[in-house]
Amino acid sequence: MGMKKLPIGIEFFDNFKRDNFYYVDKTGLIRDLINTRGSVNLFTRPRRFGKSLNMDMLKTFFEFGTDPSLFDGLEISKETEICKQYMGRYPVISLSLKDVEGTDFQTAYNMLGSTIGEEAGRFGFLLQSDKLTQAEKKKLNRLIEEEFENAAYLYSSLRLLTQLLFKHYGTPVIVLIDEYDVPLDKAYRNGYYQEMVMLIRSLFSQVLKTNKNLYFAVITGCLRIAKESIFTGLNNFRVRTVSDIEYAEYFGFTDCEVREMMRYYGVEERFGDVKEWYDGYRFGAVDVYCPWDVINQCDKMRVKKDSPMESHWENSSSNALIKDMIEEAAKATKAEIETLISGGYVEKPVIPELTYTDLDSKDRNIRETYLWSVLYAAGYLTDSKQPKGRIHRLVIPNKEVLGIYEDRIYSWFRVKITGNIEHWQKFCAAVEAGDSEEVQCLLNKFMGESISIRDTFVKKEMKENFYHGMLLGLLKAEGRWMVKSNAESGIGYTDIMIEVPEREIGCIIEVKYAENGVFDSACREAMQQIEDGGYAATLRQNEMKIIHKYGISCYKKSCKVVYDKEEHCAVNPKHQ
């Protein structure tokens, strides 16, 4: 059959065997759910950690008419009694709310109705059932035709489906609802949050509360919305968050699973890179990787083993709310985020249940606690050790997520520095004029006011990347210049290259991290690299008459600048 394909974006369980995709076995979730479930079970995990695939796996296992061979050789197949009693024995309603959104409530309302109508259409065979009355068939047809002008029809739609399925089969129904919080997130950002809360609460209350036709329900999402807001009055309501030990290994890939996948595709020598970029999440007592990252990067390395590491998770879903929250954080919080970037940790209380309205609280402490809680639940922070009650020791999980925070720090830095127009203009003028003393003086002043990098944890090249990015953002604010990062020139890639075309001035900047504050040797290394790499070659080819070369070494909040200059007196033909 050949080598298995990597399952990029595959969310349907039966595709794995049918189309020969590589599958990381998570079927033990079925056994644990049967043995420890409540009547309603909520799993919260960050985006792209396998929630949707696990939900379809549950649907495939429990639903009437399933193909037992799909589970051959998997962990659950060893549980013969469970398979005999539960496999293919239940009607299942499976709903994903990930596409329920809109710029206004009516659009989102219609999207939800369409989603429920599509699921009702899977049970169109009930229209021929001799166990349903004509009135019941008429109600079902209304669902299939998406006739939800009367909101009461939408509120009661899922409960009605459980009633009809139970009456037809004589067996209680399993309800699966994936990404339940997506409509709430979209509603908050588009200004109709309260209307959406009322809609979701009514829908859930009717199908999940005192419903004799319900066997059990599984719900997934990113955040745990407060019970009083959405899940009012539910009994035997079980919640498993990223902090809980139970089920921790079923969302995300473990170290052994990643090693096995990379060995299968012959790229195990890149395991260290994958671990640095995508590992670091701690769910319960288990360390896990982001599956979306591992699968996508493994696919690239399968084709080209030395493929550069990339950010996949960040670009796979909206980060708008998170980025806005970080951007609007108070000064004290920004300083703590700088601590996280430098490899440190913060100890913060994490609220297990959240409401979006807390974002708008006038109480700064509530807003700040909400920020840390959302960052933790959404995967932008993780535990560095077992939490003590509500107090968590939070860290940035890996290199990919570090890049998201660095972007915010660069943004704050640019806003602060360019906001001081006089100092920023002096800095740009000094860079253009080759005034290295003024460049060093102003850069030290800016760094002292705006950033904090500790000499801990983070690798040297990552520290250099931080200062490089900070300086790049500052220079790019000068709109007259052509500023390039990691530009190819000579036989290498220079950190920053600047051209000032109208004055025929070019600049080469190489940034080094000064280990233990040894600035002089770091500066010499930077200048030597400029010469050995021939980094000025491109500027010469572009006929820059003056070329400024800067070697900048940085350590914590200080820097040193060394300088050299080339002058080319030949007249440029375009000025003859």
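The values are calculated or read from the model by the stated rules, or taken from the named source; none is laboratory data. Fair warning: this is a prediction, and the values are worked out from it, not measured in the lab. Because the Cβ atoms are built from the backbone with ideal geometry, glycine has one as well, and the counts that use them run over all protein chains shown. Surface areas here come from the heavy atoms of the whole protein model, side chains and all, with no ligands, DNA or RNA. Shrake-Rupley method; radii C 1.70, N 1.55, O 1.52, S 1.80 Å.
Checking each residue in segment 18-40 for being farther than 24 Å from I93 by Cβ and either charged (D, E, K, R) or part of a loop (DSSP other than H, G, I, E, B) (or both) picks out D19, N20, Y22, Y23, V24, D25. Within segment 29-51, residues that are closer than 16 Å to Y281 by Cα and open to solvent by less than 30 Å² (accessible area, probe 1.4 Å) reach no partner that is part of a helix (DSSP H, G or I) and of a type in the set (F, W, Y) with beta carbons closer than 6 Å at six or more positions or on different chains. Looking only at segment 515-574, which residues are outside any strand (DSSP E or B), of a type outside the set (A, V, I, L, M), in contact with a strand residue (DSSP E or B) (Cβ under 6 Å, 6 or more places away or on another chain) and open to solvent by less than 20 Å² (accessible area, probe 1.4 Å)? Listed by number, the residues that qualify are C523, G533, Y535. Would you pick out the residues in segment 89-101 that are over 21 Å from L164 (Cβ atoms) and open to solvent by less than 10 Å² (accessible area, probe 1.4 Å)? Correct list: L97, V100.
Here is a yes/no grid of residues against (1) open to solvent by 30 Å² or more (accessible area, probe 1.4 Å); (2) within 27 Å of V401 (Cα to Cα):
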site	(1), (2)
N211	no, no
T241	no, yes
E249	yes, yes
R282	yes, yes
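Of the residues making up segment 370-408, those that are part of a helix (DSSP H, G or I), open to solvent by less than 30 Å² (accessible area, probe 1.4 Å) and not small (G, A, S) are Y370, L371, W372, V374, L375, Y376, E400, V401, L402, I404, Y405, E406.
Checking segment 466-473 against the condition returns no match, with no residue being touching a residue at least 60 places away in the same chain (Cβ under 8 Å) and touching a Gly at 6+ places or on another chain (Cβ under 7 Å).
Counting only residues that are at pLDDT 95 or above and open to solvent by less than 50 Å² (accessible area, probe 1.4 Å), segment 149-178 holds 18 of them. Any residue in segment 14-29 that is modelled with pLDDT of 95 or more and over 28 Å from G266 (Cα atoms)? Yes, some residue in segment 14-29 is modelled with pLDDT of 95 or more and over 28 Å from G266 (Cα atoms). Yes or no: segment 329-347 includes at least one residue that is of a type outside the set (F, W, Y), open to solvent by 40 Å² or more (accessible area, probe 1.4 Å), more than 27 Å from Q386 (Cα to Cα) and modelled with pLDDT under 80. Within segment 329-347, one or more residues are of a type outside the set (F, W, Y), open to solvent by 40 Å² or more (accessible area, probe 1.4 Å), more than 27 Å from Q386 (Cα to Cα) and modelled with pLDDT under 80.
Taking segment 413-449 as the region of interest, how many residues are open to solvent by 20 Å² or more (accessible area, probe 1.4 Å) and either in a helix (DSSP H, G or I) or at pLDDT 85 or above (or both)? Result for segment 413-449: 23. When residues in segment 62-88 are screened for being surrounded by fewer than 17 Cβ atoms within 10 Å (Cβ to Cβ) and not polar (S, T, N, Q), 12 of them pass.
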